[in-house]
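A short worksheet on the structure shown next.
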Amino acid sequence: MTDLSTRDDADLVILAQAGSAAAFEQIYDRHVGGVGRALASFAGPDRHLLDDLVQEVFLRVVQALPRYSPSRPFTHWLFTIALNVGRNHVRRPARVVPVDPAELAELADLADLAGAHEPDSDPALASALMRRVAELPAPVQEVVSLRVGADLSYREIAAILHIPEPTARRRMHDAVTVLRDHAGTTTDRGRNRHG
Amino acid sequence: MADTHDIERLLREFRYEADPSRKEALLGAFAAVRHESQPPRRSRVWARPIPLYAAAAVLVAMVGLSFFAGQRVAALDRQRAVAEPHAPAADADAPHSIPWSTAASDLL
């Protein structure tokens, strides 16, 4: 049997459109992690909701695959679906919700630990950060979702969201600033506390 | 203090692992959609070229008609053969054309 893992997305889509279940499975295995990461910022701490959202994305892919045109990159199409699923299902306040400083202090300590020990990845820290991202305004959250989930460039993100590229960069910067500033403030407080 | 790149890198380290049962359900949905998009098996028989069936039907009809026509002709021939011995004999007194020799002797 042909090794589908070496085929690019365009080839896999053509095979899947022709009815190849193996090709669709390869598409799923290749992109499920990124879709999950992209939707994690919408789902927050609710793991079951995240599973449901990811499954809904791929169900929509199954149904819409015959209509997909290869003139558009597959990852753009896939993560546009993911973005729409996230927008439709998550109930979010319109304004920024103030974050509990105590929780941020814990987060800052974890961030310092990650900086002090060279990164062997810390999924718990990443999960904690993702929960914070879920509290950000929707436009900022969507940029973060596409940047860290789909690993898209700012140009690609801007094309998907129909915004200027500088706007996409600024929104990502805003997200990082919120996390960094709070982490930095509470880190100083933590250092004073721990001596 | 964590800088921009650290924050982005940390976010990228989020790991999502899907429940295997979710994947099986999706593969089942894919198979169902694929099955629905194919025509029913029954119609595939009739999807073969219609003219082929029509030509075969015409050929069979021609052979059949020829056979039965031949049978009918043979039957008529037998009927005619049976009827001919009983046909009425020609009348000796009925006027008929005069032979040339008789006509010539009368004039003489």
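The values are calculated or read from the model by the stated rules, or taken from the named source; none is laboratory data. All values reported here derive from a predicted model rather than from experimental measurement. No Cβ is skipped: glycine too gets one built from the backbone with ideal geometry, and neighbour counts run over all protein chains shown. Ligands, DNA and RNA are excluded from the accessible area calculation, which covers all protein heavy atoms including side chains. Shrake-Rupley method; radii C 1.70, N 1.55, O 1.52, S 1.80 Å.
Note on B:His5 and B:Leu52: the extension gain reaches 9.8 nm, defined as 0.36 nm multiplied by sequence separation minus the Cα-Cα distance. Taking 45 Å as R0, compute the FRET efficiency from the Cβ-Cβ separation of B:His35 and B:Gln71 and round it to 0.05. Efficiency for this residue pair is about 0.25. Computed with a 1.4 angstrom probe on protein heavy atoms, the A-B interface buries about 3400 square angstrom of accessible area in total.
As a calculated quantity, the FRET efficiency between A:Ala22 and A:Thr80 at R0 = 22 Å, using C-beta atoms, amounts to about 0.30. Of the peptides A:145-158, B:58-71, the ranking by mean beta-carbon count within 10 Å, highest at the top, reads A:145-158, B:58-71.
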